[in-house]
1. Among T136, A20, H223, which residue has its Cα positioned farthest towards the positive end of the charge dipole of the chain, with +1 placed on the Cβ of Lys and Arg, -1 on the Cβ of Asp and Glu, and the dipole taken about the Cα centre?
2. If N is the number of residues in the chain, what value comes out of its Cα radius of gyration divided by 2.2 N^0.38 Å?
3. At 27 Å minimum axial length over the Cα atoms and a Kyte-Doolittle cut of 0.5, report the qualifying DSSP H helices in the chain, or say none.
4. Taking the Cα centre of the chain as origin and charging only Cβ (+1 Lys, Arg; -1 Asp, Glu), how large is the dipole, in debye to the nearest 20?
5. Number of Lys pairs in the stretch 11-114 with C-alpha atoms less than 24 angstrom apart, excluding same-chain neighbours closer than eight positions?
6. Have a look at A62, T184, T147 and report the one farthest towards the positive end of the charge dipole of the chain, computed about the Cα centre with Cβ charges (Lys/Arg +1, Asp/Glu -1).
7. Under a point-charge model restricted to the Cβ atoms of Lys and Arg (+1) and Asp and Glu (-1), what is the dipole moment magnitude of the stretch 387-458 relative to its Cα centre, in debye to the nearest 20?
8. For the stretch 11-114, what is the Kirkwood estimate of the hydrodynamic radius, computed as the reciprocal of the mean inverse distance between distinct Cα atoms, to one decimal in Å?
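Derivation of every value follows stated rules applied to the coordinates shown; laboratory data play no part. Since this is a predicted model, take the numbers as computed values, not measurements. Glycine gets a Cβ as well: all are built from the backbone with ideal geometry, and neighbour counts include every protein chain shown.
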Amino acid sequence: MLDLVEGGSTWDEIVQLAKAIEQAGATIINTGIGWHEARIPTIATKVPRGAFSKVTAKLRGAVKIPLITTNRINTPEVAEQILAEGDADMVSMARPFLADPDFVNKAAEGRADEINTCIGCNQACLDHTFGGKLTTCLVNPRACYETELNYLPVQQLKKIAVVGAGPAGLAAATVAAERGHQVTLFDSASEIGGQFNVAKRVPGKEEFYETLRYFKRKLQTTHVEVCLNTRVDVTQLVAGGYDEIILATGIAPRTPAIPGIENAKVLSYIDVLLQRKPVGQRVAVIGAGGIGFDVSEFLVHQGTSTSLDREAFWKEWGIDTHLEARGGVAGIKPEPHAPAREVFLLQRKTSKVGDGLGKTTGWIHRTGLKNKRVQMLNSVEYLKIDDAGLHIRIGAEGEPQVLAVDNIVICAGQDPLRELQDGLVAAGQNVHLIGGADVAAELDAKRAINQGSRLAAEL
C-alpha cells in the first residue's frame, strides 16, 4: 500500500485502488508495505514494532471491508494494541509463527510469556530463501525441519551438565530438560545470555532482550537447575557424576598481532559494549564483520534508539509522516541524528565493507552507518599503534598515514574457550563442544542455537 519507492502511488491513488478492489468483490484487503526494491527497511530488527499500522489506519473509512495491517507485529501485546487503537480490523503475521508455531495457543491460554518471539533478524528465514536454502528460524531451528528434528521424551534419564549460558548452552539445556533429562546449567556471569548480552546493547537490536526473556522462562518451565556466578572446574564437574557434559563456554576476543597493540588507546568490543569503558570522539574500529558494524552503530548513536520510536524511525529513513508524498518518499530527505563520534570502520579484505553481512539486512547496516558519516575503508594494512593513533596503509601502493584517533576498538574475530575440555576427556568424561567453544568464527547465534538443540535432541 505504501510503496516507499520514487514514482510510487499517491495517497489518492491508494484510496482509488482500494475502492476498486472492494467494488470488484474482495471481502478483505491486506495492506502490504514497501517493495523489495525499496531502500527503506520494512521488516528487519531495526524497524519499530507495528511501525506501519498508522498507514492502514488512514485507509479505514475509505472502504467498508475489513483491513489487515502487517509488518513487525511479533507479540500478542503489539497486536492487541494495534486493534485497540483502531488501526486495523485484523493483523497479519508470518515470521512469528516460524519462531513459535504455538504462538496463538499460548496467547489464548494466557501463556504469552512462554512465546519464543521473532526478533526480525531474517538470518535463517529470508536470507535462506533468497540464498536458495531451506527456510528455518534462528530462534527455532525446528522450523521447517519438524520431520527430522524432534524433541522426544527420553527412554533413559541422564544427568547432564551444561557449562555456559549463552545461546548454545541455553538451547541445549532447555531441549535436554524438556525431553526429561536432569540438567544443571552453570555460568560464571550473574545473568544468562552470554554474547546476547553484548548484542542487546546495540541500538536496533533490542529484540535480543526478548530471546533472553523466553529462555529465562523456558529454564523455569523445564526445571533446569541454574547456577549463575559459578565458575566450575574439571574437579567439580567430575565429582558431579554427570553422564554428559556439554561445554558451551563461548569465545575470547582475538587480539591481532599489530605493533603497539598494548597501547592504552586500544579497547576490545567487550570493553565498549559490555563494560562500557569510556571512548573518545575519534575512533578507529578494526574489523568490519557483524561485530565491527555493531560497535560502529553503538559509537555513533545518541538518544533513543529509532527502533523504539516510530516517528523517529520514519524521519531517519525519509518517510513522509503525513503520507502525502508520492510513494511515501518523494521529496522527503532522511533526517538521521548527528553522529555522536567520528568513526572509521576498517578491514583488511579487498571486498566491499560489510560484504559478509546478511543478504536481506546488510544494506540496512551499511546505509545506516553511511548516513551517520562512518568512513568505511577496505584493503587496509595495519602498520602500528602509538600515542599518535593508528598507522595504516590503504592498498599495496598506498602511502603510510596516521588516523589520529582517541581509541582503537578491536573487532578482529574470536578464539574458542575450551580450557575444560582436555582435563574432562582425560578424566574419561563424555564431553561435547557447542557454539563458540566449538567454532568461534563470527558470533553465529543461528548455528549456536541449532547445534545446541540438535545435540540435546540426540542425548
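1. The Cα lying farthest towards the positive end belongs to A20.
2. Compactness ratio reported: 1.08.
3. Result, helices passing both filters: zero.
4. 360
5. 6
6. Toward the positive end, the furthest listed residue is A62.
7. That gives a dipole near 340 debye.
8. 14.8
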